[in-house]
Amino acid sequence: MSGSQILSWILWFLLGITAGSATSAGVLAFLLKIGIYPRMIGSSHTVRLVKFYEWMIILGILCSGIYSEYPNLTFPVGYWFVILWGLCAGMFVGCVSAALAEVLSIFPVLFRRLDIKSGMSFYMIMMALGKMCGAFWYFFHGLKP
Amino acid sequence: MASYLKSALIGIVIFFGSGFSIMAFHNDIGIVDLFAQIYTQVIGYEPRQTGGLEIGYSIGLALGILIFFNHISLKKREKDPTPLQVEVSKYEQDVEDTIQRIKEKEQQSQTRDQKQEKQQNQKENLQDASSKEAGENSDKDIGEKQE
């Protein structure tokens, strides 16, 4: 390796570190600010395990980042893992979308405008069903971007 | 009856609207390509038909929302409000506070206007008085002494 090659490698390395740290900080800040982790931890009454959850967040972002960057990297454990992964990913995305709707206070504004006092669980169930049916429709009709 | 109709209409709007929004989100992030990549990395090939990943994801989506809004809880507490109820009541409280504040501000500005008017009137009176005083100093002295 010549000197200029090493220099360019170091420059690319530094660029990668800065880009990666900025991206991970942005993603984590978004997920934290939206309040998914606090609510999950709070509703399961496991504040004492918060260090463990932090490490799981870090490891999850790290592993999935590496996994998505190298398409040749395989992890052949069988079909059950795909289903499990889909379930977990779906639950998390569902939490994210619900939290987004809440942070932007869509429902409070809607309920006040339309003068609704009760029956919020019904609307929540309708939202969950709508998300599920929309996702099924999307996948089973082969919609492609 | 009318309230039931309204609830049903809003429920339909939320149902189709949230479904559309999740489809738009999937289009946005290109989830089909992502799932194809996960399939090839985990099971080695890309299945032709919709498989377990998509089905699990879709069911998980509904479960996640219900969990987030505290619908499926092991310990059912009747008095515990759901997070959405908390959020709605917070928002309504904010609206009430804002209305109250606007009213107070209007009242304050009204009273301030009135005060200013009063002060101006007083000043004008004083000026009138002083201009009168200039001519009638002797009278004033007498009046003060009498008091």
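Do any residues in segment B:8-24 that are at the interface with chain A (Cβ under 7 Å from one of its Cβ atoms) and closer than 12 Å to residue A:135 by Cα have Cβ atoms under 8 Å from those of residues that are surrounded by fewer than 14 Cβ atoms within 10 Å (Cβ to Cβ) and at pLDDT below 90, where the two are at least six apart or on different chains, and which pairs are they?
Here the result reads B:23/A:143, each pair linking segment B:8-24 to a residue that is surrounded by fewer than 14 Cβ atoms within 10 Å (Cβ to Cβ) and at pLDDT below 90.
Of the residues that make up segment B:48-63, is at least one more than 9 Å from every other protein chain (Cβ to nearest Cβ), modelled with pLDDT under 85, surrounded by fewer than 19 Cβ atoms within 10 Å (Cβ to Cβ) and farther than 16 Å from residue A:137 by Cβ?
yes
Kindly establish whether residue A:121 is over 23 Å from residue B:26 (Cβ atoms) and within 14 Å of chain B (Cβ to nearest Cβ).
Against the criterion (over 23 Å from residue B:26 (Cβ atoms) and within 14 Å of chain B (Cβ to nearest Cβ)), residue A:121 qualifies.
Looking at A:68, A:97, A:8, which one is surrounded by 11 or more Cβ atoms within 10 Å (Cβ to Cβ) and under 30 Å from residue B:94 (Cα atoms)?
Checking each option against the conditions leaves just A:97.
Go through A:43, A:64 for me and flag whichever is over 17 Å from residue B:58 (Cα atoms), among the polar types (S, T, N, Q) and within 13 Å of the chain's Cα centre (by Cα).
Details: A:43 fails: within 13 Å of the chain's Cα centre (by Cα).
Exactly one residue qualifies, and that residue is A:64.
Within segment A:14-54, track down each residue that is aromatic (Phe, Trp, Tyr) and exposed (fewer than 11 other Cβ atoms within 10 Å of the Cβ).
Quick first cut of segment A:14-54, residues aromatic (Phe, Trp, Tyr) only: A:30, A:37, A:52-53.
Listed by number, the list holds a single entry, A:52.
If only one of B:90, B:118, B:145 is part of a helix (DSSP H, G or I) and at pLDDT below 65, which one is it?
After ruling out the rest, the residue left standing is B:145.
For residue B:41, state whether it is at the interface with another protein chain (Cβ under 7 Å from one of its Cβ atoms), buried (at least 17 other Cβ atoms within 10 Å of the Cβ) and either within 37 Å of the chain's Cα centre (by Cα) or free of Cβ contacts under 8 Å to residues at least 40 places away in the same chain (or both).
yes
Might you let me know whether segment B:67-85 holds any residue that is modelled with pLDDT under 80, farther than 30 Å from residue A:106 by Cα, among the aliphatic types (A, V, I, L, M) and surrounded by 10 or more Cβ atoms within 10 Å (Cβ to Cβ)?
no
The values are calculated or read from the model by the stated rules, or taken from the named source; none is laboratory data. Treat the numbers as computed from the prediction; the structure is a model and nothing was measured. Cβ atoms come from the backbone with ideal geometry, glycine included; neighbour counts cover every protein chain shown.
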